[in-house]
Structure formats: C-alpha cells, structure tokens
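Only the coordinates and a few stated rules stand behind these numbers; no lab work does. Note that the coordinates shown come from a computational prediction; the quantities given were computed from them, not determined experimentally. Glycine gets a Cβ as well: all are built from the backbone with ideal geometry, and neighbour counts include every protein chain shown.
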Amino acid sequence: MSDIRSSYTDDINFYRGWSARSLAERYGTPLYVYSEAVLRARCRELMAMCPVEGFGVNYSVKANTNPAILAVCREEGLTVDAMSPGELYMDELAGFGPDKILYISNNIDPEEMRSAIARHLTVSVDSLAQLELYGSLNPGGDVMIRINPGIGEGHSDKVITAGKETKFAISPELLGEAFALLEKHGLRLRGVNQHIGSLFMQPDGYLKAAGILLACVKAFPRKLRDQIEILDFGGGFGIPYRKYDGEARLDLKALGEDLARQCEAYRQETGYRGRFLVEPGRYVVAESGILLGRVEAVKNNGENRYAGTNVGFSVLVRPAMYGSYHDFEIYAERQEDRPLMEQTVTGNICESGDVLAKKRLLPEIKEGDILGVLDAGAYGYAMASTYNQRLRPAEVLIREDGTLQLIRRRETFEDLAAALC
Ligand SMILES: Cc1ncc(COP(=O)(O)O)c(C=O)c1O
C-alpha cells in the first residue's frame, strides 16, 4: 500500500524496493539512509561538468565523512580535502593516499601542521602567520595559499567564506608579503585555492570569483606562477532543497562550460599544464541521504499544531542553526487522503529552537508515522552531536543492487562514557 507522501523517492527509486517503514523498523530511528545510486550519479555529473584538460573534483569531506561514502567517491575518481586531523583520519580509512588529499587548513597549531607535513600532504595555508609557521617547519617544501577573491556567497552569513567579513584566506593586498615568506623559507608555491561560500543556485558569483582568481594568479611574478600545479576554485554548489515545490537545479553543465572557457583561456595565455579543481561538499552527498524519524506526539498549543518527532537538532542541526529548509516525506499506509494543514515539526531536544520546520503545509501528520527528512546527506550526521546526551544515530547505505549495509551503528551509553577518566 502506498505512503502518504513519497512520490519523490518513489520516482527515483531511492529505496531500491525497500520501504522506508521497514528500514525504520529494522534499524530503529532516527536513522540516516544513503543511496549509493544517487551518490554515484552526483559524482559522475560533477566529474563530467567541466570539459577542460586537468579538471578534477576534490570532494570537501566536511559534508559527510563516513568512509563507506568516501570510498564510493574514491571509486568515482574524486580526490578529497581534509581540514582537521579527524577528517584526515577518515580520508585515510577510506583508502585515499597523500597524493589524493589536500589539507585545507585554518588556524592550526604547530603539532597539526607538523603531522600534515610528515604525512607528505599538500597543505594550503590561509594567513601570513600560518605561512610563516609552515615555512619554519618545512623549509624548502611545497605549499598552497588560499586567496580571498573579495566576493562571497552562501545561504547564511555563517557560511560565506570570502569577501569583506571573513576569517578565511589571504587578501590580495597581502600577497607581496606572502611571496616574501615563500622566498625567505625557499618554499615552492604548489597551488592556489579559494572558497567563496556554501550554497548558491546561480553560477554568476562563482564564475566571477574564478575569473578573479585566474587574473590574480596571472599577475604573479612569472617564477611563482610557473611553479603552480593546482588551481582550486572551491565549492558551494547548491542543491534544490524544495523538492516538492519543483525547485530548479543549479545548471551545473552551463557553469562547467563557462568555467572551462576561462580555464582554457588561462592555459593558452600562460602555458599552464596543471590541474583545475572544484571542491564541492554538499552537491556530492546531500541528495544521497534521507533522515528517518518517528512522530511521537502530536498536539495543539495555542494556534499551532506541533508534530513532535525524535529528530532533534542533535541529529540534524541545519534547520535550527541556519533556518535551513528540508522537505519531508510521510511514510504511513495511505488508508484515506489526509487533509493539508499547517504544522510545525519539532524534535526531542530541550530547547524551543528545536524546530525542523515552522508552520509547514503538509498532509496531516499522525503519531507513529515515519518522517523522511530529504536531502540530509550533507552536513547531517557530520554535524550531529550528543547534546542532551542523546545518542547519535546509525547510518545505512543502500547499495545499487539493493543490498543494505550498516555503515555506522547507533551509539550506546558506553560511547557517551568512553572518554571519561
Ligand atoms: C575550503 C572549502 N572547500 C569546500 C567546501 C564545501 O562547500 P559546499 O559543501 O558548500 O560545496 C567548504 C565548506 O565549507 C570549504 O570550507
């Protein structure tokens, strides 16, 4: 029997013949469910987006670091970044060697820098102070620098990472000082990277920033410019979160073709033979993940109807943290059509801000329903916490052939106590 609201996942055969309800029953909720087929499709789309020699996709693993997910990305030919020793650890667990990992650092301590150098990683530094630290620890080594192109974009101020108000990157005015530090420590400038922010649906800002980066590098002293092997334009590619409103996709192909034109022109003008990278996180994994939760209590408080679930912001923080929109599916036997009504969907955390969706027009949600939070594969589990001492959920991967693989077990109380002394 069909579900109350499931046409999106039905159409793309997300569950590969399983029902969301049976997965919830088998593994419990909350539960992150991933589709290998969707993940591979996104990887392939990205790998094919930019028809220029040397093009590559460097997956920004902060979006989702489960090694089983990373291994699929590796098989599809993506490389990865790491921005902490923990991310590096996960990259290595998934089988990425040092030549496939860019260490994109921010405000790291000498020990972390030493460890990245000892592992022969390419490190990108984003301040003069960290360039000085790198040079003092690894004189004569290879390094990348992160540049601020002066424009930023993103779905929230919290994720705009370039422009006037940002802690990230080196301003172009300070490049002279950066070059002097390269000289002082005999460093080779292996590459240049940037990242303007997270989640844009129109390509203009990204393309403009790519043009700024290329123009900036073109103006570098010839000796430095000729050392460069990596030009990394960053990520930020948005996905349509409003699935049931038919939100349009970012035109990745048009973006890629425009980017390819700029890269090709740069290649022709400078004789560059290195790599051109994009660095998406969200676009790779967001749509491959759905978070299943259970509706525990429905009530009316004042004017509002609340559907209380076990998906608190400890499990998915994006709505509470950024006001982000996620669409829902409702899995329950459709015995009759349920009326549409405004409902506020909440979690089980002891804070009023624990809201997944405010006054959303949805078919009536009832206790015992399984709720599917769509597009939860990016910045979902990766940002989960144990706040209120709630246990972090399990993760299941549905393989392309329909087999289920538990890729992370649900936490236990012993996990909560594991680091206590
Ligand atoms: C340096 C860098 N690259 C790439 C990304 C990926 O961003 P997104 O997931 O929006 O593609 C981030 C996200 O913060 C980042 O900081």
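Annotation for the stretch 151-230: trypsin sites (Lys or Arg not before Pro) lying in DSSP loop with at most 13 further Cβ atoms inside 10 Å of their Cβ are Lys164, Lys167. Taken about its Cα centre, the chain carries a charge dipole of about 340 debye when Lys and Arg each add +1 at the Cβ and Asp and Glu each add -1 at the Cβ. The DSSP beta bridges internal to the stretch 36-283 are antiparallel in roughly 5% of cases.
The convex hull drawn around the Cα atoms of the stretch 137-220, when projected onto a plane and averaged over every direction, covers 5.9 nm². Restricting the GluC sites (Glu not before Pro) of the stretch 77-171 to loop positions (DSSP other than H, G, I, E, B) with no more than 15 neighbouring Cβ atoms within 10 Å leaves Glu165. To one decimal place, what orientation-averaged projected area in nm² is obtained for the convex hull of the Cα set of the stretch 1-79? Projected over every direction and averaged, the Cα hull of the stretch 1-79 covers 6.8 nm². Would you mind getting the Kirkwood hydrodynamic radius of the stretch 285-421 from its Cα pairs, rounded to one decimal in Å? Result for the stretch 285-421, one decimal place: 15.9 Å.
With Rh defined as the Kirkwood radius, the inverse of the mean 1/r over Cα pairs, the Rg/Rh of the stretch 36-283 is 0.95. With all pairs of different C-alpha atoms in the average, the Kirkwood value for the hydrodynamic radius of the chain is 22.7 Å. Summarising the label geometry, the points placed 7 Å from Cα in the beta-carbon direction at Cys350 and Glu336 lie 4.0 nm from one another. Can you figure out the FRET efficiency of Asp10 with Leu361, using R₀ = 30 Å and their beta-carbon distance, to the nearest 0.05? The calculated FRET efficiency here is 0.90.
Counting Lys and Arg as +1 and Asp and Glu as -1, what is the net charge of the other residues whose Cβ lies under 14 Å from the Cβ of Lys243?
Details: positive: Arg5, Arg242, Arg249, Arg360; negative: Asp10, Asp11, Asp245, Glu247, Glu287, Asp327, Glu329, Asp375.
Here the count lands on -4.
Determine the relative contact order of the chain: mean sequence separation of Cα pairs under 8 Å and six or more apart, normalised by residue count, in whole percent. It would help to have the intermediate numbers written out before the result.
Working: 906 pairs, mean separation 89.6, N = 421.
For the chain, the relative contact order is 21 percent.
Mean residue ellipticity at 222 nm, helices only, the chain: -8500 deg cm²/dmol; runs of at least 4 DSSP H residues each add -39,500 (n - 2.57), and the sum is divided by the number of residues.
Count charges around Cys43 for me, please; just the other residues with Cβ under 11 Å from its Cβ, Lys/Arg as +1, Asp/Glu as -1. Could you put the intermediate results ahead of the total?
Values: positive: Arg40, Arg42, Arg44, Arg74; negative: Glu36, Glu45, Glu75, Glu76.
With Lys, Arg at +1 and Asp, Glu at -1, the neighbours total 0.
In this simple spin-label approximation, Arg26 and Asp245 carry label points 7 Å from Cα along the Cα→Cβ vector, and these lie 3.4 nm apart.
Legend: Rg and Dmax of the stretch 86-136, from Cα coordinates, 10.9, 32 Å. All C-alpha to C-alpha distances of the stretch 38-111, sorted into 5 Å bins beginning at zero, yield P(r) values of 3, 16, 28, 23, 16, 9, 4, 1 percent in whole numbers. For the chain, the membrane-span-like helices by this rule, meaning whole DSSP H stretches whose C-alpha atoms cover at least 20 Å of axis and whose Kyte-Doolittle mean is 0.5 or above, are 204-218; this says nothing about an actual membrane.
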